[in-house]
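K.L.:
Before I ask anything, here is the structure I am working with.
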Ligand code: 6GU
């Protein structure tokens, strides 16, 4: 996978190479990260990339021409790549979208800055993505999020090929809790079941904790994911327990 980032701040992306899995993935050529400085595609003496908005209002808007030239330059080098504009107006980038875009051989990530990008740039891109309902000062951090999330889905990037699948959201549920030594930490114990050596029981416990946690913290996720009959039975049990508690408190004076 080759990520080609179109940005006014290419030096921000050197942060990805400072350490960790992304640095290693680049070194082992599982992924490549290229940056294109949009300012290099400005044509006037001052290398202007922004201008005042038509119709008035505060702030500046990124001009379409330098961006269009930068996009065409990137597309010429990577004809197979999907072009993505990072913008708060985009579709929400979640794990499902990440799995889909990880199938492309290249992604051209276009980072907007200032108060926005000339609307006509959206006509030149394949899709628009947002990383959440808040406003960043620019698309750069969003592009880094996309690079990070997509990279770990690329074969070879994670040591253990199964680990990308086993985590939060891949199953559609929140992850079960993890523990390591010591067995007792500041009075808090590791659950006994994890020391039992009973792998089937551990697997069931982990699934149930995932379900209960997801129900408590992110019930919205349970609407989207496929649950087994055993999962449903467990959730029904929780439901019955909660009803019994409510019943008991309604009776109490
Ligand atoms: Cl992709 N860009 C900006 N500027 N803000 C955002 C975003 C993107 N995603 C969420 N907020």
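Only the coordinates and a few stated rules stand behind these numbers; no lab work does. A quick note: this is a predicted structure, and the numbers were derived from the prediction, not measured. Glycine gets a Cβ as well: all are built from the backbone with ideal geometry, and neighbour counts include every protein chain shown.
K.L.:
Residue separation times 0.36 nm, minus the C-alpha to C-alpha distance between residue 69 and residue 242: what's the value? Don't skip to the end; give the middle numbers.
P.N.:
Numbers: separation 173, 0.36 × 173 = 62.28 nm, distance 6.02 nm.
Separation in residues times 0.36 nm, less the Cα-Cα distance, equals 56.3 nm.
K.L.:
Another question about this same structure. Using the count of nearby Cβ atoms within 10 Å as a rough guide to exposure, how do 123, 8, 86, 222 rank from fewest to most? Kindly include the intermediate steps, with their values, before the conclusion.
P.N.:
Numbers: 123 8, 8 19, 86 29, 222 15.
Fewest to most other Cβ atoms nearby, the residues stand as 123, 222, 8, 86.
K.L.:
Given contacts defined as C-alpha pairs under 8 Å and at least six residues apart, what's the relative contact order of the chain, whole-number percent? Don't skip to the answer; put the middle values down first.
P.N.:
On the way: 338 pairs, mean separation 44.8, N = 253.
Computed value for the chain: 18 percent relative contact order.
K.L.:
Report, in degrees rounded to the nearest 10, the 0 to 90 angle that the Cα long axis of helix 229-251 makes with the longest principal axis of the chain.
P.N.:
Orientation of helix 229-251: about 70 degrees from the principal axis.
K.L.:
Cα axis of helix 199-217 to longest principal axis of the chain: angle in degrees, 0 to 90, nearest 10?
P.N.:
Rounded to the nearest ten degrees, it is 60.
K.L.:
Sticking with this structure for a sec: Let me know the whole percent of all Cα-Cα pairs from segment 184-251 that are separated by more than 21 Å.
P.N.:
Roughly 43 percent, once rounded to a whole number.
K.L.:
Return the Rg/Rh value of the chain, two decimal places, where both radii are evaluated on C-alpha atoms and Rh is the Kirkwood radius.
P.N.:
Values: Rg = 23.9 Å, Rh = 21.6 Å.
Expressed as Rg/Rh, it is 1.10.
K.L.:
Let me ask something else about it. Can you give me the angle between helix 140-151 and the longest principal axis of the chain, using Cα atoms only, in degrees from 0 to 90, rounded to the nearest 10?
P.N.:
That helix lies at roughly 60 degrees to the long axis.
K.L.:
So if each residue of separation counts as 0.36 nm, and I subtract the Cα-Cα distance between residue 154 and residue 180, what length gain in nm does that give?
P.N.:
Details: separation 26, 0.36 × 26 = 9.36 nm, distance 2.78 nm.
The span from residue 154 to residue 180 would gain 6.6 nm if fully extended.
K.L.:
Among 109, 173, 227, which one moves the most in a GNM of the chain with springs linking Cα atoms closer than 10 Å?
P.N.:
The residue with the greatest mean-square fluctuation here is 227.
K.L.:
Spin-label point model (7 Å from Cα, Cβ direction): what's the residue 213 to residue 122 distance in nm?
P.N.:
Roughly 3.7 nm, to one decimal.
K.L.:
Still on this model: Just to be sure I understand: of the beta bridges DSSP finds with both ends in segment 2-151, what percent are antiparallel, rounded to 5? Provide the component values of the computation, followed by the final result.
P.N.:
Details: 2 of 24 bridges.
Bridges in segment 2-151 are about 10 percent antiparallel.
K.L.:
Looking at the chain, send over the antiparallel percent of its DSSP beta bridges, to the nearest 5. Don't skip to the answer; put the middle values down first.
P.N.:
Values: 4 of 26 bridges.
Around 15 percent of the beta bridges assigned by DSSP in the chain are antiparallel ones.
K.L.:
Another question, then. Using Cβ counts within 10 Å as a stand-in for footprinting exposure, how do 77, 203, 63, 29 rank, fewest first?
P.N.:
On the way: 77 14, 203 11, 63 17, 29 8.
If I rank by nearby Cβ atoms, fewest first, I get 29, 203, 77, 63.
K.L.:
While we're here: For residue 202 paired with residue 43, estimate the spin-label separation in nm (one decimal), with each label point 7 Å from Cα along the Cα-to-Cβ line.
P.N.:
It works out to 6.5 nm between the two label points.
K.L.:
Moving to a separate point now. Rounded to the nearest 0.05, what FRET efficiency do residue 133 and residue 189 give with R0 = 41 Å and r taken as the Cβ-Cβ distance? Could you check?
P.N.:
The value I calculate is 0.60.
K.L.:
To continue, here is another question. Please compute the modelled spin-label separation between residue 100 and residue 27, points set 7 Å along Cα→Cβ, answer in nm with one decimal.
P.N.:
3.5
K.L.:
Then there is this: So for 122, 226, fewest C-beta neighbours within 10 Å to most, what's the order? It would help to have the intermediate numbers written out before the result.
P.N.:
On the way: 122 16, 226 7.
Exposure proxy ranking, most exposed first: 226, 122.
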